[in-house]
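The structure under discussion appears below in the form of structure tokens.
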Amino acid sequence: MKNLDVPLRAIDKLRNSAMSMEVSTPNDDSPISEMIPNGDRLLVVKGKGIYAVKLADQVDPERTNIAVPNTIQQVIAYGADDPWIGAVVLTAHHLFQSSCSLPTIDGARAFALVLKIAEDIAGAHKLEESYRNAEAEANEKLDLKIQKDRSLLVPAIGNVESRCNEFLQRADHALQELFKLVRMFYSDVHSGGWESLKKKIDNQPQDGDNFSQFLANTLPFLQLIRNVRNCAEHPMPAQKLIASDFSLNSYNVLSPPTLEIIHPRLPKSKVFVNVFFKETLQNLVSTVELMMVFLCARHVKSVAGLAVQVIEMPQDRRRSTHVRYGYGALLGDQLVPIG
């Protein structure tokens, strides 16, 4: 039993005292949009980034060093001002960490998985931005004038294939984490992958939502990323990724870098790398957002006797601009947001 007469040490007085803390970071003076408990840390979502805050007692629980500060560390270099953060991270927070979700679903673990997905999407965004800037810089230096010796200096970005491989690795890893999330709701779908999930949903009643149609529309994208990643990691004559830098054709037309997939079942004809990156990111974010929506819509509990469902929030009822979905209940003839 503690001796209450023992005087508090200076470190105890400091750590026990009330405190205020400003989450101030270089190049980000945006306001705080959300604060999300996440294990032993607090995530602070600002307009330009997501930051983890840890108190001194979490760093130094034995209170051995009075000089240990509270810490602020950037987790993701994108924030609430970026639409995809709202669609992925904040939507996950509102859906998984709500009293409306079934108690059989570990909301904290589900959110932790989405945070891993977001880290991969952030990495893919950084790669896309780096590539886009490199291509723009190459175009700025472009001189299409043929020299007197009939030579032309063709611009080059360099390492186009490695850039594509790294981007695909991020996208594929994000989808692997998404499948882990799916298995939290449907633990028996692991053996057949995404096709197994579609088969399971197809065999369930279809009058509640269009989950089955969503999977039918999304499956080609999910299969494409998996196959493209396999082509990059395990190239063979009939299964490979071909990435090309700037090139000149026989019509003297200069083409930006392209990506082509050779595959017996799911080939993809030449596409500009910048277009492929942009479309992949858009599809990836949309897939994650809507997968979370359908999973939660089928695993929701009633609240105070009200039949709760996942709804698309009207613009004027959203807590965050880019968070489109949340829980709601039908009161009379109106859907009312809950939680």
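Some notes on this structure:
- Across the stretch 272-308, the number of residues qualifying as touching a residue at least 24 places away in the same chain (Cβ under 8 Å) and not in a helix (DSSP H, G or I) comes to 7.
- Enumeration of residues in the stretch 141-168 that are surrounded by fewer than 16 Cβ atoms within 10 Å (Cβ to Cβ), out of contact with any Pro (no Cβ under 8 Å at 6 or more places or on another chain) and of a type in the set (A, V, I, L, M): Leu144, Ile146, Leu152, Leu153, Val154, Ala156
- Check on Ile242, assigned by TED's automatic domain parsing to the domain that holds Ser101 and more than 30 Å from Lys145 (Cβ to Cβ): no
- Subset of the stretch 7-21 that is at pLDDT 75 or above and loosely packed, with under 10 Cβ neighbours inside 10 Å - its residue that is nearest to Ile50 (Cα to Cα): Ala18
Okay, residues lined up against (1) surrounded by 20 or more Cβ atoms within 10 Å (Cβ to Cβ); (2) out of contact with any strand residue (DSSP E or B) (no Cβ under 9 Å at 6 or more places or on another chain); (3) of a type in the set (D, E, K, R):
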residue: Thr280; (1), (2), (3): yes, yes, no
residue: Asn283; (1), (2), (3): no, yes, no
residue: Val293; (1), (2), (3): yes, no, no
residue: His299; (1), (2), (3): no, no, no
residue: Pro314; (1), (2), (3): no, no, no
residue: Arg318; (1), (2), (3): no, no, yes
residue: Gly326; (1), (2), (3): yes, no, no
residue: Leu335; (1), (2), (3): no, no, no
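- Exactly one residue out of Leu259, Leu281 is in contact with a Lys or Arg (Cβ under 9 Å, 6 or more places away or on another chain) and not basic (Lys, Arg), and it is Leu259.
- The set of residues from the stretch 15-48 being under 17 Å from Ala92 (Cβ atoms) and in contact with a helix residue (DSSP H, G or I) (Cβ under 9 Å, 6 or more places away or on another chain) comprises Ser33, Glu34, Ile36, Pro37, Asn38, Gly39, Arg41, Leu43, Val45.
- Residue tally, condition surrounded by 15 or more Cβ atoms within 10 Å (Cβ to Cβ) and free of Cβ contacts under 8 Å to residues at least 12 places away in the same chain, over the stretch 197-215: 0
- Among the candidates His93, His173, residue that is closer than 23 Å to Phe272 by Cα and within 19 Å of the chain's Cα centre (by Cα): His173
The values are calculated or read from the model by the stated rules, or taken from the named source; none is laboratory data. Bear in mind that the values here come from a model prediction, so they are computed numbers and not experimental data. Every residue, glycine among them, receives a Cβ derived from its backbone with ideal geometry; neighbour counts consider all protein chains shown.
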